[in-house]
Amino acid sequence: MGKLVLVTGGARSGKSSFGEKYAAKYGKRVAYIATSQIWDKEMEFRVKLHKERRPADWQTYEAPYEAHKAVVAAVQAGCDMILFDCLTVYTSNLLCSLDNIDDSERNYSLLREACQSLIDAVKKSNATMVVVTNEVGAGIVPENHLAREFRDLAGLANQLLAAASEEVYFTVAGIPVNIKNWLRIGKGRLLWQIIL
């Protein structure tokens with residue numbers, strides 16, 4: 001059974017670089033699943049920085065949509081470690097691909113399906129997938145519907161992947177903290193399981 005690791009944190013907190021170091025340390029053959037699409041010079045520069053940091057022998061899969069298929073392809077190619085960067089952009093891609101964003105019930109359902117497909121693809125493999133994502137809920141409530149819908153869907157995606165992950169890291173100023181391990185108390189139970 002495959003393993004999921006979630007790495008979250010705020011903007012420029014060191015999430016991606018930690019995910020890259022984790023993948024390099026524990027993976028023999030590493031696949032990188034890129035979810036970004038280049039629409040402007042800013043994104044072009046960001047993608048360039050990520051590419052420059054990655055080792056040349058990592059296999060890259062561009063998957064702005066249906067990323068579970070890239071997971072399957074990477075596993076079939078013999079990769080034992082997959083770095084998925086990032087879940088927040090993947091969520092944005094899904095939301096922006098819709099003709100109408102007003103049906104929140106449908107949007108939640110589509111996101112749940114997309115996340116479950118990712119989880120299933122990893123769990124059915126023998127690979128580890130490190131998923132990088134942004135913590136988007138610590139700011140003020142956005143003023144428009146699109147921004148609120150994105151924040152809510154990104155938060156839901158984070159919760160779904162965190163629940164399925166064996167390790168969850170929160171990065172602050174480049175320092176990763178394994179919050180799932182930190183919350184373990186007594187006989188391997190989690191604090192939130194006791195509270196709920």
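Pick from the range 81-116 the residues that are of a type in the set (Asp, Glu) and open to solvent by 40 Å² or more (accessible area, probe 1.4 Å): which of them is nearest to Phe18 (Cα to Cα)? Spell out the reasoning first.
Taking the range 81-116 and keeping what is of a type in the set (Asp, Glu), we get 85, 99, 102-103, 105, 113.
Next, from what is left, pick out any that are open to solvent by 40 Å² or more (accessible area, probe 1.4 Å): 99, 102-103, 105, 113.
Working: Asp99: 36, Asp102: 36, Asp103: 36, Glu105: 34, Glu113: 28 Å.
Ranking the qualifying residues of the range 81-116, first place goes to Glu113.
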So which residues in the range 178-196 are surrounded by 14 or more Cβ atoms within 10 Å (Cβ to Cβ), modelled with pLDDT under 90 and in a helix (DSSP H, G or I), if there are any at all?
Lys180
Out of all the residues in the range 92-148, which are over 23 Å from Lys69 (Cβ atoms) and assigned to a helix (DSSP H, G or I)?
Ser104, Glu105, His145, Leu146, Ala147, Arg148
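Against the definition (among the small types (Gly, Ala, Ser) and over 22 Å from Gly155 (Cα atoms)), how does Gly78 come out, yes or no? Give the steps one after another, and end with the answer.
Values: among the small types (Gly, Ala, Ser): yes; over 22 Å from Gly155 (Cα atoms): yes.
When the stated conditions are applied, Gly78 passes them.
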Can you tell me which residue within the range 1-19, out of those that are under 14 Å from the mean Cα position of the chain (by Cα) and closer than 22 Å to Glu66 by Cα, is most open to solvent (accessible area, probe 1.4 Å)?
Lys3
Within the range 56-68, residues open to solvent by 50 Å² or more (accessible area, probe 1.4 Å) and out of contact with any Ser or Thr (no Cβ under 6 Å at 6 or more places or on another chain) come out as Ala56, Asp57, Gln59, Thr60, Glu62, Tyr65, Glu66
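Assess whether Val71 counts as being open to solvent by less than 20 Å² (accessible area, probe 1.4 Å), in contact with a strand residue (DSSP E or B) (Cβ under 7 Å, 6 or more places away or on another chain) and in a helix (DSSP H, G or I). Before you say what the answer is, go through the steps one by one.
Values: open to solvent by less than 20 Å² (accessible area, probe 1.4 Å): yes; in contact with a strand residue (DSSP E or B) (Cβ under 7 Å, 6 or more places away or on another chain): yes; in a helix (DSSP H, G or I): yes.
Taking the combined requirement at face value, the residue satisfies it.
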Identify all residues within the range 20-51 that are surrounded by fewer than 18 Cβ atoms within 10 Å (Cβ to Cβ), of a type in the set (A, V, I, L, M, F, W, C) and either touching a Gly at 6+ places or on another chain (Cβ under 6 Å) or in a helix (DSSP H, G or I) (or both); write none if there are none.
Ala24, Met43, Phe45, Val47, Leu49
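Listed here are the residues, each with its yes/no results for (1) touching a His at 6+ places or on another chain (Cβ under 8 Å); (2) among the small types (Gly, Ala, Ser); (3) open to solvent by less than 30 Å² (accessible area, probe 1.4 Å); (4) at pLDDT 90 or above.
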{"residue": "Asn134", "(1), (2), (3), (4)": "no, no, no, yes"}
{"residue": "Gly137", "(1), (2), (3), (4)": "no, yes, no, no"}
{"residue": "Ala173", "(1), (2), (3), (4)": "no, yes, no, yes"}
{"residue": "Pro176", "(1), (2), (3), (4)": "no, no, no, yes"}
First in the range 84-112 and closer than 16 Å to Met43 by Cβ and touching a residue at least 40 places away in the same chain (Cβ under 8 Å), second anywhere and among the charged types (D, E, K, R) and assigned to a helix (DSSP H, G or I), Cβ under 8 Å, 6 or more apart
Cys86/Lys15
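The values are calculated or read from the model by the stated rules, or taken from the named source; none is laboratory data. Everything numeric here is computed off the predicted structure, so don't read it as measured data. As a convention, Cβ positions derive from the backbone with ideal geometry for all residues, glycine included, and neighbour counts pool all protein chains shown. Heavy atoms of the whole protein, side chains included, go into the accessibility calculation; ligands, DNA and RNA do not. Shrake-Rupley method; radii C 1.70, N 1.55, O 1.52, S 1.80 Å.
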